[in-house]
Amino acid sequence: MTTRLPIRDAEGADRFEVFLVSSILSIALTRLFLVVTGFPRLGGDGLHLAHLLWGGLAMLVAQLMFMLFLSRAVRNVATALAGIGFGLFIDEVGKFVTGDNNYFYEPVAAIIYGTFVGTYLAVTFVVQRHPLTDRERVVNAVELLKEWAAHDMDHAERQRAIELLRGVGPSEPLAGPLRQALESLPSEEPSRSLIARGYAAARGFVTNLPRIEAVKRVAVAAVVLAVAQAVVLPVRLLVDEPGVRNVVYAAFAVGSLVVALEALRLWVVDQRTRALQLFEAALLVQLLVVQFFRLLEVEFSGFATVFVDLALLGVCRALAYEQRQPSRSAAAPAIEVGREPD
């Protein structure tokens, strides 16, 4: 399979979700800080240093980190910093869509969330839709090899690079010699870099969670409960004020609950692969449709449930990946790019 896109990063899906979560978290914490402190003005003599400016500075620093450094750990820190900066930037969108520069414009929460949803759909269906090609596998293995040259490759990362090269066809002649080189490399001492060690610890924690049976049970229960509680508000609104918007809101909420209950039934009868696909579908309906309507009603307080749904979606995808590849490397991304044909 070929693609017209530039070479994709095997960890791109992971980084994109870090960006999204960092952005939403920065918005939530900024709004909370402003409420607690009474919306202070930073500056004087008629000046106000809006947090949009700090967001721009954070995005600038993230861009410089991407441009100036090769370390994977630094790139992950830069991704989180870019997300924080973008969150601070877009939080002030109300000032730019209203004639009176109204920061408190009520639909702002839904506008911001719609931006995230649109970005997610674009990345998912344009960039991350297909699995990595042979050429992309080879290039990603080369990227991991750089970690050894920088004395920052651990055993799990070396195994991940070797796994990427498995099944690469003869059209990529570098794959064979590269795999031999990786297999012959001596073991590296763990990096002393605080950033690298912190990244490795966080990555290991995330990728090992889906292997624990208790985590699987808790995740399944949490998904069903999250989807069930999301039905309460739209049903109440529909009873109080029947209308097209409330009908659509309630229909999607109830529909996602039906899908989640069917997924639970399949999980109980041990059809876990199909069950996880349906759990993911139910959460996507929540994130793409239900949460949008919820934010129109409750504004920024609704981001709490957005965080819950994002976390559960990440866990479900990691569970599905672990279900297909139970012996994967500890350095493998928590979320794969595309999906190999079954």
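The values are calculated or read from the model by the stated rules, or taken from the named source; none is laboratory data. All values reported here derive from a predicted model rather than from experimental measurement. Virtual Cβ from ideal backbone geometry, glycine too; neighbours counted across all protein chains shown. For accessibility, only protein heavy atoms count, side chains too; no ligands or nucleic acids. Shrake-Rupley method; radii C 1.70, N 1.55, O 1.52, S 1.80 Å.
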Seminar exercise, completed: For LEU225, the lone unmet condition from (1) touching a Ser or Thr at 6+ places or on another chain (Cβ under 9 Å); (2) surrounded by fewer than 14 Cβ atoms within 10 Å (Cβ to Cβ); (3) more than 15 Å from PHE293 (Cα to Cα) is (1)
Problem set entry | Per-region count, the stretch 131-182, residues assigned to a helix (DSSP H, G or I), without any contact (Cβ under 8 Å) to a residue 12 or more places away in the chain and over 16 Å from ARG72 (Cα atoms) | 3
Problem set entry | Per-region count, the stretch 83-105, residues closer than 16 Å to MET59 by Cβ and open to solvent by 20 Å² or more (accessible area, probe 1.4 Å) | 5
Problem set entry | Condition met for PHE125 (open to solvent by 50 Å² or more (accessible area, probe 1.4 Å), under 27 Å from THR305 (Cβ atoms) and not aliphatic (A, V, I, L, M)) | yes
Seminar exercise, completed: Over the stretch 313-329, the set of residues open to solvent by less than 40 Å² (accessible area, probe 1.4 Å), of a type outside the set (Ser, Thr, Tyr) and at pLDDT below 70 is ARG328
Problem set entry | Complete set of residues in the stretch 52-103 that are over 30 Å from MET153 (Cα atoms) and either of a type in the set (D, E, K, R) or touching a Pro at 6+ places or on another chain (Cβ under 7 Å) (or both) | ASP91, GLU92, LYS95, ASP100
For this session: Could you tell me whether the stretch 165-181 includes any residue that is closer than 28 Å to LEU310 by Cα and surrounded by 18 or more Cβ atoms within 10 Å (Cβ to Cβ)?
Result: no
Problem set entry | Breaking point among (1) under 24 Å from LEU121 (Cα atoms); (2) at pLDDT below 85; (3) in contact with a Ser or Thr (Cβ under 6 Å, 6 or more places away or on another chain), for GLY87 | (2)
Exercise. Which residue pairs have Cβ atoms under 9 Å apart, sit 6 or more places apart or on different chains, and have a first residue in the stretch 70-84 that is without any contact (Cβ under 8 Å) to a residue 60 or more places away in the chain and more than 14 Å from ASP9 (Cβ to Cβ) and a second that is open to solvent by less than 30 Å² (accessible area, probe 1.4 Å) and assigned to a helix (DSSP H, G or I)?
Worked result: LEU81/SER22; LEU81/ALA58; LEU81/ALA62
Exercise. Which number in (1) touching a Gly at 6+ places or on another chain (Cβ under 7 Å); (2) modelled with pLDDT under 80 marks the one condition that ALA62 misses?
Worked result: (2)
For this session: Scan the stretch 265-288 for residues that are within 26 Å of VAL235 (Cα to Cα) and over 24 Å from the mean Cα position of the chain (by Cα) and jot them down.
Result: ARG265
Seminar exercise, completed: When restricted to VAL223, VAL239, the only residue under 21 Å from the mean Cα position of the chain (by Cα), at pLDDT 90 or above and not hydroxyl-bearing (Ser, Thr, Tyr) is VAL223
For this session: Evaluate the following for LEU310: is it within 28 Å of VAL35 (Cα to Cα) and open to solvent by less than 60 Å² (accessible area, probe 1.4 Å)?
Result: yes
Exercise. In the stretch 273-301, which residues are open to solvent by 60 Å² or more (accessible area, probe 1.4 Å) and in contact with a Leu (Cβ under 8 Å, 6 or more places away or on another chain)?
Worked result: ARG274, GLU297
Exercise. Can we say LEU64 is under 30 Å from ARG4 (Cβ atoms), within 23 Å of the chain's Cα centre (by Cα) and not in a loop (DSSP other than H, G, I, E, B)?
Worked result: yes
Problem set entry | Among the residues listed as ARG166, ARG135, ARG192, the single one being at pLDDT below 85 and of a type outside the set (A, V, I, L, M) | ARG192
Exercise. How many residues does the stretch 1-35 contain that are touching a residue at least 24 places away in the same chain (Cβ under 8 Å) and more than 23 Å from GLU157 (Cβ to Cβ)?
Worked result: 15
